[in-house]
1. If the only charges are +1 at each Lys and Arg Cβ and -1 at each Asp and Glu Cβ, what is the size of the charge dipole of segment 32-96 around the Cα centre, to the nearest 20 debye?
2. Which order, highest average first, do 79-92, 37-50 follow once you tally other Cβ atoms within 10 Å for each residue and take the mean per peptide?
3. Could you please state how large a percent of the accessible area of segment 39-149 is carbon and sulfur, counting protein chains only and using a 1.4 Å probe?
4. Which far-off residues, 5 or more places away or on another chain, put their amide H under 5 Å from the one on Leu69, with H placed in the peptide plane?
5. Give me the number: length gained by fully extending Cys57 to Ala128, i.e. 0.36 nm times residue separation minus the C-alpha to C-alpha distance, one decimal in nm.
6. What are the extents of the Cα atoms of the chain along their three principal axes, listed from largest to smallest and rounded to whole Å?
7. Using a 1.4 Å probe and ignoring any ligands, DNA or RNA, find the accessible area of Ile126 and quote it in Å² to the nearest 10.
8. Would you work out which of Leu132, Ala88, Gly43 lies farthest towards the positive end of the dipole of segment 39-149? Charges go on Cβ: Lys and Arg +1, Asp and Glu -1.
Amino acid sequence: MPEKSSSNFDIFLLLSENDEKAKKKQRKELLVSLGVQEFFPEGSISVDKRTCWGLECKLCINACPTNALYWKAGEVGIVDALCVYCGACVLSCMVDDCIKVERKREDGTIERFSKPRDVVKLADKINAKKRLKRVSELFPTVERYLEKYKSPK
Ligand code: SF4
Ligand code: SF4
């Protein structure tokens, strides 16, 4: 039986890793040139061609802030490298589940939306969190208050 050599390595894995790195680099360069900041390290987007209204609609193409969507030979095309997973296209699409966006936050949280109400709900949740943070800063807890203002013994 042939022995395993320590110099064995997976050439396909190496190629796909290099490919991934090149894609990330290209994406970064494209977004920087557009003055767009990247907020989500990973994500994906798809358009269901069976339910899309296509030429009669194009609302998503007009809504996309980075021109990641375009009209391509009778269907909506996607330039993956330009998509920042903002969800503006989902918000503007009148067909539920036609556009699907999935994105990963820096802390690992996965967010998915495919309907305008998903985007609105998420925005509300984020705003509620920010509001709560501001309120807690304005109105500290009893412990924090005492810690800050207790008189010296
Ligand atoms: S998620 Fe945002 S950036 Fe991506 S295609 Fe939709 S509108 Fe454009
Ligand atoms: S907004 Fe929705 S239905 Fe309209 S073109 Fe885009 S994907 Fe199709």
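The values are calculated or read from the model by the stated rules, or taken from the named source; none is laboratory data. Remember, predicted model here, so these are calculated numbers, not experimental data. As a convention, Cβ positions derive from the backbone with ideal geometry for all residues, glycine included, and neighbour counts pool all protein chains shown. When the accessible area is computed, the model is the full protein with side chains, heavy atoms only, and any ligands, DNA or RNA have been set aside. Shrake-Rupley method; radii C 1.70, N 1.55, O 1.52, S 1.80 Å.
1. On the way: 4 positive and 7 negative charges, 40 e Å.
The calculation lands at about 200 debye.
2. Working: 79-92: 19.4, 37-50: 13.2.
The densest-packed peptide leads the list: 79-92, 37-50.
3. On the way: 4230 of 7630 Å².
C and S fraction of accessible area: 56 percent.
4. Result for Leu69 returns Val79.
5. Separation in residues times 0.36 nm, less the Cα-Cα distance, equals 22.3 nm.
6. Result for the chain: principal-axis Cα extents of 76, 62, 34 Å.
7. The value for Ile126 is about 50 Å².
8. Highest projection toward the positive end goes to Leu132.
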